[in-house]
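K.L.:
Pasting in a structure now, in structure tokens, and then I'll have a few things to ask.
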Amino acid sequence: MGSSYVNTLVACDSSFMIQSLKEFHIPGIDYTFSINTTHVAMLLVSVFIIIMAIVARVKINKVKPDDTPGMFQNAIEIIVEMLGTMVDGIMGKNANKFVNYISTLFLFIIISNISGLFGLRPPTADYGVTLCLGLITFILVQFNGIKKNKGGHFAALFQPIWFLFPINLIGEFAVPLSLSLRLFGNVMSGTVLMGLIYDLLKPFTIGYPALLHAYFDLFSGCIQAYVFCMLTMVYVNDKIAD
């Protein structure tokens with residue numbers, strides 16, 4: 001009875017839990033590391049972005065001034081223009097400094113979020129991934145704050161009154177936690193729900209889950225990518241504002 005329950009629970013978890021695919025043991029030291037579904041999904045997403053960037057660059061470089069733009073070129077121009085408009089609308093005169101990073105971040109998050117449509121477990125459903133993204137933003141915010149304000153960056157922690165320093169310090173370190181937990185929680189909840197639906201309704205999972213995929217992977221994935229990037233730009237802009 002107990003063994004049957006455990007086997008059933010493992011089977012239900014298998015569709016949305018992180019799975020170890022291959023383990024490696026380093027000879028001479030007692031250390032083992034494994035390749036899991038998050039590593040594979042991140043690699044596929046990264047390779048896809050790199051390949052698309054290379055193809056776009058090659059094709060656009062071959063286009064002559066009098067050539068009619070093709071569908072691929074139009075799609076790339078729309079994406080670049082959309083991302084540029086998004087960054088410019090929030091960061092204003094500072095947009096040119098950060099448009100490349102924000103665009104890359106947005107593309108990575110949105111493609112990771114919608115990777116569930118293609119049978120992958122979204123990398124952003126792993127807190128290790130979203131925490132790293134949040135820490136990168138945190139370092140970017142602090143670096144630009146120090147670069148812009150120098151000693152004033154740290155002096156701001158004691159304003160408006162010196163004994164508010166602990167609260168201001170906690171507020172600074174809350175940036176990566178809030179960013180990472182928001183993205184992780186929303187993506188993970190959708191991943192768990194879709195996994196449960198597929199496990200419980202296996203004979204009937206044709207049209208019904210497709211509608212939920214459209215919401216959890218596509219709609220919610222796009223919203224979460226935009227929110228993460230928007231907050232990143234707001235935090236950076238707040239530090240470098242005149």
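The values are calculated or read from the model by the stated rules, or taken from the named source; none is laboratory data. Quick caveat: nothing in here was measured; it's all calculated off a predicted structure. No Cβ is skipped: glycine too gets one built from the backbone with ideal geometry, and neighbour counts run over all protein chains shown. In case anyone asks, the SASA skips ligands and DNA or RNA and just uses the protein heavy atoms, side chains included. Shrake-Rupley method; radii C 1.70, N 1.55, O 1.52, S 1.80 Å.
K.L.:
Failed condition for K202, given (1) among the charged types (D, E, K, R); (2) open to solvent by less than 40 Å² (accessible area, probe 1.4 Å); (3) at pLDDT below 80, with all others met?
P.N.:
If we test K202 against (1) among the charged types (D, E, K, R); (2) open to solvent by less than 40 Å² (accessible area, probe 1.4 Å); (3) at pLDDT below 80, just (2) comes out false.
K.L.:
Separate question: Which pairs do you get when a residue that is within 10 Å of A41 (Cβ to Cβ) and in a loop (DSSP other than H, G, I, E, B), found in the range 116-128, comes within reach of a residue that is modelled with pLDDT under 85 and not small (G, A, S), reach meaning Cβ atoms under 9 angstrom, with the pair 6+ apart or on two chains?
P.N.:
R121/F16; R121/M17; R121/I18; R121/Q19; R121/T191; P122/T191; P122/D217; D126/I18
K.L.:
Six or more apart or on different chains, Cβ atoms under 6 Å: show the pairs whose first residue is in the range 139-166 and within 19 Å of V236 (Cβ to Cβ) and whose second is of a type in the set (K, R) and open to solvent by less than 40 Å² (accessible area, probe 1.4 Å).
P.N.:
So the pair list comes out as V141/K239; N144/K239; G145/K239.
K.L.:
Given the criterion of a type in the set (D, E), open to solvent by 60 Å² or more (accessible area, probe 1.4 Å) and within 24 Å of D238 (Cα to Cα), identify the matching residue among D30, D88, D66. Walk me through how you get there before you give the answer.
P.N.:
Working: D30 fails: within 24 Å of D238 (Cα to Cα); D66 fails: within 24 Å of D238 (Cα to Cα).
Step by step, each of D30, D88, D66 is checked, and only D88 is of a type in the set (D, E), open to solvent by 60 Å² or more (accessible area, probe 1.4 Å) and within 24 Å of D238 (Cα to Cα).
K.L.:
Just give me the residues in the range 113-127 being open to solvent by less than 40 Å² (accessible area, probe 1.4 Å) and not acidic (D, E), in sequence order. Lay out the reasoning, then the answer.
P.N.:
The initial filter retains those residues of the range 113-127 that are open to solvent by less than 40 Å² (accessible area, probe 1.4 Å), namely 113-116, 121-126.
If the condition is that a residue be open to solvent by less than 40 Å² (accessible area, probe 1.4 Å) and not acidic (D, E), then N113, I114, S115, G116, R121, P122, P123, T124, A125 are the ones that fit.
K.L.:
Checking I102 against (1) within 20 Å of S20 (Cα to Cα); (2) open to solvent by less than 60 Å² (accessible area, probe 1.4 Å), only one condition comes out false. Which one?
P.N.:
(1)
K.L.:
Considering only residues that are modelled with pLDDT under 90 and aliphatic (A, V, I, L, M), look in the range 65-79 and name the one that is farthest from the chain's Cα centre (by Cα).
P.N.:
Start the filter on the range 65-79 by keeping residues that are modelled with pLDDT under 90, which leaves 65-77.
Among the residues that remain, those that are also aliphatic (A, V, I, L, M) are: 71, 75-76.
Details: M71: 27, A75: 22, I76: 20 Å.
Among residues in the range 65-79 that are modelled with pLDDT under 90 and aliphatic (A, V, I, L, M), the one farthest from the chain's Cα centre (by Cα) is M71.
K.L.:
I've got another one for you. Could you list all residues from the range 130-167 that are among the charged types (D, E, K, R) and surrounded by 11 or more Cβ atoms within 10 Å (Cβ to Cβ)?
P.N.:
Quick first cut of the range 130-167, residues among the charged types (D, E, K, R) only: 147-148, 150.
Of everything in the range 130-167, those that are among the charged types (D, E, K, R) and surrounded by 11 or more Cβ atoms within 10 Å (Cβ to Cβ) turn out to be K147, K148.
K.L.:
Identify all residues within the range 105-152 that are of a type in the set (D, E, K, R) and within 20 Å of Q224 (Cα to Cα); write none if there are none. Before the answer, list the steps.
P.N.:
Going through the range 105-152, the residues of a type in the set (D, E, K, R) turn out to be 121, 126, 147-148, 150.
Hits for the range 105-152 are R121, D126.
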